[in-house]
Structures are given as structure tokens and as C-alpha cells.
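A short worksheet on the structure shown next.
The values are calculated or read from the model by the stated rules, or taken from the named source; none is laboratory data. Quantities reported herein were computed from a predicted structural model and do not represent experimental measurements. Cβ coordinates were reconstructed from backbone atoms using ideal geometry, including for glycine residues, and neighbour counts include every protein chain displayed. Keep in mind that these areas ignore ligands, DNA and RNA; they rest on the heavy atoms of the full protein, side chains included. Shrake-Rupley method; radii C 1.70, N 1.55, O 1.52, S 1.80 Å.
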Amino acid sequence: EPAALASLRAWRAVTGGSVTGGFRILLFHHVAQLDVPAFRSLIHHIKAHHGFLTPDEAASRLVGEPAAPAPAGKLPCLLSFDDGFQSNFTLAETVLAEHDIKALFFVCPGLMDLAPKDQPGAITEHILEGAPNDPPPPRLMTWPELVGLRDMGHVIGAHSMTHRRLSSLAGAALMAEVVDSGARLARELSRPVDWFAYPFGDIASIGPESLAVSAAHYRFRRSGVRGINGPGMNRAALFADHLDLAAPPAWQRLVLEGGLDFHYGAARRSLEAMVAHSTPP
């Protein structure tokens, strides 16, 4: 094993590290066909060594329902996918269905509403923020595909209306991005929308006002800051670990076992402080 992973496991063997009711939310975006084998391999590893939670099971843990402690470094995982790319639907009906895994899918209904010819430009502007993209960005899911996810038992959450950086918005513009996105999804899917994921997910992109607005309309709100989730934490800013499918398996396992948690301690504390000072309207 690489030195970092071996050292982490040795430290956990000495100190323990079980977290009663704790779990990780893993974060993915578009999964290109080239990366599907790596995704399959990751799913097999998690299933064998950590286990999966459904969104409903994760929600139960967050509200304090009893859960058995996990072995040190072996917290179960909840899968989440951001932005609503069509590749997510393909994974759901293939890899996830093969393993009976239920996941969270955070989508932007305002971008989904765009005509196919207008989506690449909007994705480049709002999601990629103008970054070069070659080949062109993949397409987003259609509404029938989103209904298909719902019918497969997955949970759909809002990711704002058009993936704007919420810290740059205020008033009606912020309400439209945060509140209207969930309301639109609830109408289309005939289901309440309890989950929200902040676009970009970093502290600078969230801002205290969006924390307050989202708290008034969603039960669970997910950031992009790394860390363990569990009972007793403020549900306004849950943590998530992005997993790069192009990274070596040893690096992925380091993430899964908490090897990067220490480096994000300051970010978690800053986010929690921002949450503490935000007030719902």
C-alpha cells in the first residue's frame, strides 16, 4: 500500500475512529463512457469494504435515528451526482441498477428546459464558467429521463435553477435560483424536494444569504466541502467528497477512508460558522 494509506490505517488502528451514524456523501458530475470501467471498479470496492446508504437511510441518520457504529475508516457511502448530465441516467439504469444502489441526483431545471442547441453554450457559461471544453460538453437529461430516475427509486434534488454562483446573488434573483428550482421539480415529479446542493459547493460560492434561503425550503443542503456527515450536524451544509475517477485506486481509497479530512478542517469550521450566523427569512 502507498505510505499515506498505510499510515492512515495504522493511525486508525491505534486511535479507533468509529463514528456512530456517520457516513460519506460521494460527489460525481459527468461520467464519460471512458470512465465507466473505473466507476464500476470503485462501486465494487465500496460495496465490499464500506457499503452504501440510500438517500432515505442517510436522511434517517441525519435526524438522529439509531445506527450502528462503523469499523474504523469504513463509513458507508451515499452517492450523489451534480448538474444533471445524461451520463448519470445511463449509469443509473446500468451500474447502479445492477447493484440495487439508490442515489441522489441534483439537477438544474432551468438548464434542462433549454433547447438542445442552446445547452452547450449554457453549460459552458454556467457550469464550466467559460473554461475550454473539447469535445463539446455532454447533454443534460430530459424531463422523461428524470422521471425515469424517480421511477427507479432515486431521489432528485435541486441544484439551483441555472447553476449560478449564489454568493453573487441577492433578493429576488437568489430566491428564483434556490426556491423556484425546487418548486419546479416538485411540480414535474409530483414529489416533495427535500434536498438541495449549492452550485460549485465551495464556501466562497455559497454565501450566508443562500444558506438562509435554502434552510427555509429544504430539509438537507449539501456543500462540496470534504468531511464526514452524521447525527447532530447542521443540515444546512452537509459535506461531500469529490472522487476523481481518473485518480489511482489507492488515492480513491485514501479519500474513502478519510485521508483528506484533516486538510479540510478549516474549511468545515468556516462553513459551520457561516451557517451559525445565517438567519432564515
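Residues checked against (1) open to solvent by less than 50 Å² (accessible area, probe 1.4 Å); (2) in contact with a helix residue (DSSP H, G or I) (Cβ under 7 Å, 6 or more places away or on another chain); (3) over 21 Å from residue 155 (Cβ atoms); (4) part of a loop (DSSP other than H, G, I, E, B):
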| site | (1), (2), (3), (4) |
| --- | --- |
| 193 | yes, yes, no, yes |
| 196 | yes, yes, no, no |
| 199 | yes, yes, no, yes |
| 204 | no, yes, yes, no |
| 209 | no, yes, yes, no |
| 212 | yes, no, yes, no |
| 217 | no, yes, no, yes |
| 226 | yes, yes, yes, yes |
| 233 | yes, no, no, yes |
Those residues of segment 144-182 which are closer than 30 Å to residue 100 by Cα, crowded, with 16+ Cβ neighbours inside 10 Å and of a type in the set (A, V, I, L, M, F, W, C) amount to 146, 149, 155, 156, 158, 161
Exactly one of 75, 114 is buried (at least 17 other Cβ atoms within 10 Å of the Cβ), aliphatic (A, V, I, L, M) and assigned to a loop (DSSP other than H, G, I, E, B), and that one is 75
Those residues of segment 150-187 that are assigned to a helix (DSSP H, G or I), out of contact with any Ser or Thr (no Cβ under 8 Å at 6 or more places or on another chain) and not charged (D, E, K, R) come to a total of 11
Taking segment 124-149 and keeping only residues that are free of Cβ contacts under 8 Å to residues at least 24 places away in the same chain, under 17 Å from residue 161 (Cβ atoms) and assigned to a helix (DSSP H, G or I), one is left with 125
query: Is one or more of the residues making up segment 125-133 β-branched (Val, Ile, Thr), under 19 Å from the mean Cα position of the chain (by Cα) and either over 25 Å from residue 31 (Cα atoms) or surrounded by 13 or more Cβ atoms within 10 Å (Cβ to Cβ) (or both)?
result: yes
